[in-house]
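Please read the structure below before turning to the comments.
The values are calculated or read from the model by the stated rules, or taken from the named source; none is laboratory data. On a predicted model such as this, the values are computed, not experimentally measured, just so you know. Glycine gets a Cβ as well: all are built from the backbone with ideal geometry, and neighbour counts include every protein chain shown.
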């Protein structure tokens, strides 16, 4: 186990701009291209502050090489495990954006899935120099995969907890949507678009649906069904992969001040869990 404590406190500042065209391009992914916009929908900021690096600086998995902002953790597999966000003010079209990112924690854990590193990054997003979003992001690093191509299979029982459904909507994500989201977020991770790599190198049974895309689907569905709810906080945690061949359900249990959302596989297993807090 290597000690990466000296990387805690490492900072990065990124500049961007809230553009109407970029919002429309993401809206098109959710069949909302023609909807007028004057502010950025929640979670669309994930298509801003994109890491622009030379092709020579791309690692074998399609990510930028580690050791610049993020620590050079030796484990080759990395994934966005979850985030916790607070929405302070809306981001308006035309505003200048700035993101201040800082590594706040690095932990090594040995659990049932083997050795893992967890890196926590705090993001503070400003629009015209006013704080608009606070976000805490968890990134997990895993060792080399033992190739089984059986990640989707499970022997664990479905949770016995009774679920209350305010809504349950069937959905799927095809390869074109995966490509478009990768392009819009400048995400080169090959597990989302390179099937031979995903299956033969990382051991998945198919292409992996982006965690942030699933989280955005949860948010979009909630806002479609409850347009008058003002969301102040949102958090999500990836539990189990979703693949391009899966059909799944977008589900929610919505109360007056809070909501629980989740992605549910057709066999009942949970792929993602999320919680929201509404403005009082």
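Restricting segment 24-45 to residues that are in contact with a strand residue (DSSP E or B) (Cβ under 9 Å, 6 or more places away or on another chain) and surrounded by 14 or more Cβ atoms within 10 Å (Cβ to Cβ), which is farthest from residue 110 (Cα to Cα)?
Here is the first cut: in segment 24-45, the ones in contact with a strand residue (DSSP E or B) (Cβ under 9 Å, 6 or more places away or on another chain) are 38-40, 42-43, 45.
If we keep only those that are surrounded by 14 or more Cβ atoms within 10 Å (Cβ to Cβ) as well, we get 39-40, 42-43, 45.
Values: 39: 43, 40: 39, 42: 34, 43: 31, 45: 33 Å.
Looking at the filtered set, the residue picked out is 39.
Free of Cβ contacts under 8 Å to residues at least 12 places away in the same chain and either over 24 Å from residue 273 (Cβ atoms) or touching a helix residue (DSSP H, G or I) at 6+ places or on another chain (Cβ under 8 Å) (or both), is that true of residue 62? Considered against the rule, which asks whether it is free of Cβ contacts under 8 Å to residues at least 12 places away in the same chain and either over 24 Å from residue 273 (Cβ atoms) or touching a helix residue (DSSP H, G or I) at 6+ places or on another chain (Cβ under 8 Å) (or both), residue 62 comes out as no. Among the residues of segment 1-17, not one is assigned to a loop (DSSP other than H, G, I, E, B) and under 25 Å from residue 178 (Cβ atoms).
State yes or no: is residue 58 farther than 22 Å from residue 219 by Cα, modelled with pLDDT under 95, buried (at least 17 other Cβ atoms within 10 Å of the Cβ) and over 19 Å from the mean Cα position of the chain (by Cα)?
Details: farther than 22 Å from residue 219 by Cα: yes; modelled with pLDDT under 95: yes; buried (at least 17 other Cβ atoms within 10 Å of the Cβ): no; over 19 Å from the mean Cα position of the chain (by Cα): yes.
For residue 58, the condition - farther than 22 Å from residue 219 by Cα, modelled with pLDDT under 95, buried (at least 17 other Cβ atoms within 10 Å of the Cβ) and over 19 Å from the mean Cα position of the chain (by Cα) - is not met.
Within 17 Å of residue 117 (Cβ to Cβ), in contact with a strand residue (DSSP E or B) (Cβ under 9 Å, 6 or more places away or on another chain) and in contact (Cβ under 8 Å) with a residue 60 or more places away in the chain, is that true of residue 8? Give the derivation first.
Working: within 17 Å of residue 117 (Cβ to Cβ): yes; in contact with a strand residue (DSSP E or B) (Cβ under 9 Å, 6 or more places away or on another chain): yes; in contact (Cβ under 8 Å) with a residue 60 or more places away in the chain: yes.
Here the answer is yes, as residue 8 does meet what is asked.
To keep it simple, each residue is scored yes or no on (1) assigned to a loop (DSSP other than H, G, I, E, B); (2) farther than 24 Å from residue 10 by Cα; (3) in contact with a helix residue (DSSP H, G or I) (Cβ under 7 Å, 6 or more places away or on another chain).
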| position | (1), (2), (3) |
| --- | --- |
| 24 | no, yes, no |
| 31 | yes, yes, no |
| 42 | yes, yes, yes |
| 72 | yes, no, no |
| 75 | yes, no, no |
| 81 | no, no, no |
| 90 | yes, yes, no |
| 102 | no, no, no |
| 108 | no, no, no |
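Looking across segment 230-243, the residues that are surrounded by fewer than 16 Cβ atoms within 10 Å (Cβ to Cβ) and more than 17 Å from the chain's Cα centre (by Cα) come down to 230, 232. Within segment 79-88, the presence of a residue that is in contact (Cβ under 8 Å) with a residue 60 or more places away in the chain and exposed (fewer than 15 other Cβ atoms within 10 Å of the Cβ) is excluded.
Scan segment 98-112 and give yes if some residue there is in contact with a strand residue (DSSP E or B) (Cβ under 9 Å, 6 or more places away or on another chain) and within 22 Å of residue 213 (Cβ to Cβ), otherwise no. Among the residues of segment 98-112, at least one is in contact with a strand residue (DSSP E or B) (Cβ under 9 Å, 6 or more places away or on another chain) and within 22 Å of residue 213 (Cβ to Cβ), which makes the answer yes. Could you list, in sequence order, all residues of segment 44-60 that are on the phi > 0 side of the Ramachandran plot and not in a loop (DSSP other than H, G, I, E, B)? None - no residue of segment 44-60 is on the phi > 0 side of the Ramachandran plot and not in a loop (DSSP other than H, G, I, E, B), so the list stays empty.
Filtered by the rule that a residue be in a loop (DSSP other than H, G, I, E, B), touching a strand residue (DSSP E or B) at 6+ places or on another chain (Cβ under 9 Å) and either over 23 Å from residue 181 (Cα atoms) or modelled with pLDDT of 85 or more (or both), segment 61-70 gives 61, 63, 68, 69, 70.
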